[in-house]
Structure formats: C-alpha cells, structure tokens
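The values are calculated or read from the model by the stated rules, or taken from the named source; none is laboratory data. The shown structure was predicted, so the numbers you read here are calculated from the model rather than taken from an experiment. Cβ placement follows ideal geometry from the backbone for every residue including glycine, while neighbour counts extend to all protein chains displayed. Only protein heavy atoms, including side chains, enter the accessible area calculation; ligands, DNA and RNA are left aside. Shrake-Rupley method; radii C 1.70, N 1.55, O 1.52, S 1.80 Å.
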Amino acid sequence: MFCSISFPLIFKYGFLKSKMANLIIFFVFVFGGTGLVSYLSKNNKLMLSQDIVTFISNSSDIELLLILAVPLVLILICSYYISLAFYRKREF
C-alpha cells in the first residue's frame, strides 16, 4: 500500500524529496492505527472494536478477501492515474 502511495510523490518531487513524505505517511498509518485501536479498546461506549471482531470471526474467507482486496485495488487504480498525470506533466 505504501508503495502505491509513493509513486506519485516520486514522479512529482523526485526520489530524495519524496522520502520525507513517505516517512511521514508511514508513521501516520502506523501510529494512527495503533492509537485508533487503543482508543477503541479503552472506550466502553464505542463497541465498534467488538463488532469488528465479531464480524471478522463470522465472515468466510472469500468475504474477508473481498473486503481487503477491493479497497487495495481502488487505491492502486487511484495511484496509477495520479502517477500518470504527474508523469505527463513532467518536463524531461
């Protein structure tokens, strides 16, 4: 996933300038996800984490594959078109 996000940045800013943006994106996903899970597990009013666990345990493998694959394919398609737009605007 991070690889598909980094390609538009590399095309627009170059490899060295995009390294910092990739690092920031990586830490936002890692620490943001960890913080979100921690918050949901501590907050008793939001039973969302228990609902997610129940949903995952009751779903079949194909349903889980589709739930994970569809957003990833959408991100890949968006990344491709953003990269293509940056690549066409780039001067050689």
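Structure data summary
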| read-out | value |
| --- | --- |
| Ranking by accessible area, most exposed first, for Phe86, Phe31 with a 1.4 Å probe | Phe31, Phe86 |
| Using a Förster distance of 22 Å, the FRET efficiency for Tyr80-Met20 (Cβ separation, nearest 0.05) | 0.45 |
